[in-house]
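Visitor: Structure below; questions to follow.
The values are calculated or read from the model by the stated rules, or taken from the named source; none is laboratory data. Note that the coordinates shown come from a computational prediction; the quantities given were computed from them, not determined experimentally. Cβ placement follows ideal geometry from the backbone for every residue including glycine, while neighbour counts extend to all protein chains displayed. What goes into the accessible areas is simple: the full protein's heavy atoms, side chains included, and nothing from ligands, DNA or RNA. Shrake-Rupley method; radii C 1.70, N 1.55, O 1.52, S 1.80 Å.
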Amino acid sequence: MQPRIAGRNFLFVPGPTNVPDRVQRAMMVAMEDHRSSKFPELSTSVLQDLKKVFKTEAGQVFIFPSSGTGAWEAALTNTLSPGDRILAARFGQFSHLWIDMAQRLGFDVQVVEVDWGEGVPVQRYEEILSADKRHEIKGVLACHNETATGVTSDIAGVRRALNAAQHPALLYVDAVSSLASIDFRMDEWQVDLAVSGSQKGLMLPAGLGVLGVSGKAHGAMSGAKSRRCYFDLADMIKANATGYFPYTPSLPMLYGLRESLNLIFEEGLERIFFRHHYLAEGVRAAITSGWRLNLCAKEPKWYSDTVSAVLVPEGVNAGHVIDVAFRRYNLALGAGLARVAGRVFRIGHLGDLNELMLMGAIAGAEMAMQDVGIKVTAGSGVAAASDYWRTHDPVPKMRVSREQQFYESHSTGSIQG
Ligand code: PLP
């Protein structure tokens, strides 16, 4: 047996993220009857409050006992029929996996290949949609934050492309690693299906697939012929209307979600977005000014505020950095996936964290890189991040708009198990 490693594990993969102590405590509950007359208080409050996180008043939010992948499937199968055409772009492992799922479910996916390190090609989308005069494309997929490469895409731009082409296709957005960390505006961007999961910005363990559904997407359900059963929204809508689920929900996860929503509203969504940007800028300073390495994201406009993928020098296997960081320093960094395996390691900077937690990740990555022979100057990443954080404000100087006040207004309540 391996001897115990003392101290905390530094978890800096881009999900699962660190679960705050308050959320962990909230999940330590005795099991309850999920058909009791008390249960709807909890379910209704979390379903209502999730809408604020998605920034939707018009839409409805659903929770599936799955991970984000389940919510991907629910989004597609509830609104499309086999053979339907979908437009999608592939620029990382997660945009790839959603395309792969759509193909395996029998949809006809028109794939735009994009260099890994860039994001949704808005201009190309507009050209394709404008050329589709007969409106054969029924759905447009966009991965808001490609976790594999650390790239954030312009979803408002995708909406503008659809509008410019006067195209009625449904807009499907993967917000798995952006929701509650990077600004996401379901109503304003007219997103029809917004997919997320619990183990990233929502600061919970994996286990909940979260899905925002617009009125237009709701309208598409009756004509959608894809086979579905466990993920049939019709069952969920019927059960949720009375405050229940069509099957046994995970009570601890729902209590944890209640507490994570409380934390989110206590900090304020806009402040959370600002904090993620501020922390990400410090990490990027460490990578580019300190270590003099490149990000996988090719231009600043693609930089993700939740994850940075660091390109290691040619001839080095990034997997070795990750392995040494884990075994020697008890630090979990994200691996390079698929096409960028061995080329990058990733630092997740999302969820419940602050400067000094990230300093641990930066220092550990720096030591691991030196151990495998990468020429980085000792302390250079830490110094660059510290220079950034010491000279920038950690909270936004902004006037809170009426819209923000709405979304940040008090939650529907804290419910204890
Ligand atoms: N989409 C993105 C952008 C992701 O980062 C992930 C997981 O990391 C997924 C989808 C799949 O989500 P899950 O692993 O929760 O099924």
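Visitor: Among G157, S289, G364, flag the residue with its Cα farthest along the positive direction of the charge dipole of the chain, charges on Cβ as +1 for Lys/Arg and -1 for Asp/Glu.
Guide: After comparing all options, I get G364.
Visitor: Say the cut-off is 27 Å between C-alpha atoms; which of K216/K238; K55/K200; K55/K133 go over it? Please report the intermediate quantities before stating the final value.
Guide: Working: K216/K238 18 Å; K55/K200 17 Å; K55/K133 32 Å.
The pairs that break the limit, which is 27 Å between Cα atoms, are K55/K133.
Visitor: Tally up the carbon and sulfur contribution to the accessible surface of the chain as a whole percent, 1.4 Å probe, everything protein left in place.
Guide: On the way: 9120 of 17580 Å².
That fraction is 52 percent.
Visitor: Let me ask something additional. Note down the relative contact order for the range 249-394 as a percent, whole number, built from C-alpha pairs under 8 angstrom at least six residues apart.
Guide: Working: 206 pairs, mean separation 41.4, N = 146.
Contact order relative to length: 28 percent.
Visitor: Just going by the charge dipole of the range 1-129, with Lys and Arg at +1 and Asp and Glu at -1 on Cβ, which of L76, A30, L47 is farthest out on the positive end?
Guide: It is A30.
Visitor: Also, I was wondering about something else. Please list H276, H96 in order of solvent-accessible area, largest first, computed with a 1.4 Å probe with all protein chains present.
Guide: Details: H276 0, H96 55 Å².
From most accessible down to least: H96, H276.
Visitor: Quick check: with the 1.4 Å probe, what order do L295, L87 take by accessible area, largest first?
Guide: Numbers: L295 20, L87 0 Å².
Largest accessible area first, the residues go L295, L87.
Visitor: For I182, what accessible surface area do you get with a 1.4 Å probe? Give it in Å², rounded to 10.
Guide: Answer for I182: close to 20 Å² accessible.
Visitor: While we're on this one: Just need the relative contact order of the chain here, percent rounded to a whole number, with Cα pairs under 8 Å and 6+ apart. Show your work: numbers first, answer last.
Guide: Numbers: 857 pairs, mean separation 96.2, N = 417.
Relative contact order, the chain: 23 percent.
Visitor: If you don't mind, there's one more thing I want to ask. Please work out the average accessible area per residue across the chain, using the 1.4 Å probe convention, and give it in Å². All intermediate terms of the calculation are to be shown ahead of the outcome.
Guide: Values: 17580 Å² over 417 residues.
On a per-residue basis, the chain sits at 42 Å².
Visitor: If you place +1 on the Cβ of every Lys and Arg and -1 on the Cβ of every Asp and Glu, how big does the dipole about the Cα centre of the range 138-280 come out, in debye to the nearest 20?
Guide: Numbers: 13 positive and 13 negative charges, 95 e Å.
Around 460 debye, computed over the range 138-280.
Visitor: Let me spell out the model: positive unit charges on the Cβ of Lys and Arg, negative unit charges on the Cβ of Asp and Glu, origin at the Cα centre of the chain. What dipole size does that give, in debye rounded to 20? Can you show the working numbers first?
Guide: Values: 42 positive and 43 negative charges, 58 e Å.
Here the chain has a charge dipole of around 280 debye.
Visitor: With +1 on each Lys and Arg Cβ and -1 on each Asp and Glu Cβ, how big is the dipole of the range 196-317 about its Cα centre, in debye rounded to the nearest 20?
Guide: 400 debye
Visitor: How much accessible surface area, in Å² rounded to 10, belongs to the heavy atoms of S250 with a 1.4 Å probe?
Guide: 50 Å²
Visitor: Identify the trypsin sites (Lys or Arg not before Pro) of the range 4-100 meeting these criteria: DSSP loop state and at most 14 other C-beta atoms within 10 Å of the C-beta. Please list the in-between numbers first.
Guide: Details: sites: R4, R8, R22, R25, R35, K38, K51, K52, K55, R85, R90; in loops: R4, R8, R35, K38, K55.
Counting only loop positions with at most 14 other Cβ atoms within 10 Å, the trypsin sites (Lys or Arg not before Pro) in the range 4-100 are R4, R8, R35, K38.
Visitor: Comparing V283, V372, V213, which has the greatest mean-square fluctuation in the GNM of the chain with Cα pairs linked when under 10 Å apart?
Guide: V372
Visitor: Which whole-Hz ³J(HN,Hα) couplings does the range 142-153 yield from phi under the Karplus relation 6.51 cos²θ - 1.76 cosθ + 1.60, θ = phi - 60°, glycine and proline marked x?
Guide: Going residue by residue, I get 9, 8, 4, 10, 7, 5, 6, 10, x, 10, 10, 9 Hz, with x marking Gly and Pro.
Visitor: Another question, if that's okay. Tell me the relative contact order for the range 44-195 as a rounded percent, counting alpha carbon contacts under 8 Å between residues six or more apart.
Guide: Values: 257 pairs, mean separation 38.0, N = 152.
That works out to 25 percent.
Visitor: In the range 295-378, which GluC sites (Glu not before Pro) fall in coil by DSSP and have 11 or fewer other Cβ atoms within 10 Å?
Guide: On the way: sites: E314, E355, E366; in loops: E314.
Qualifying residues, ordered by number: E314.
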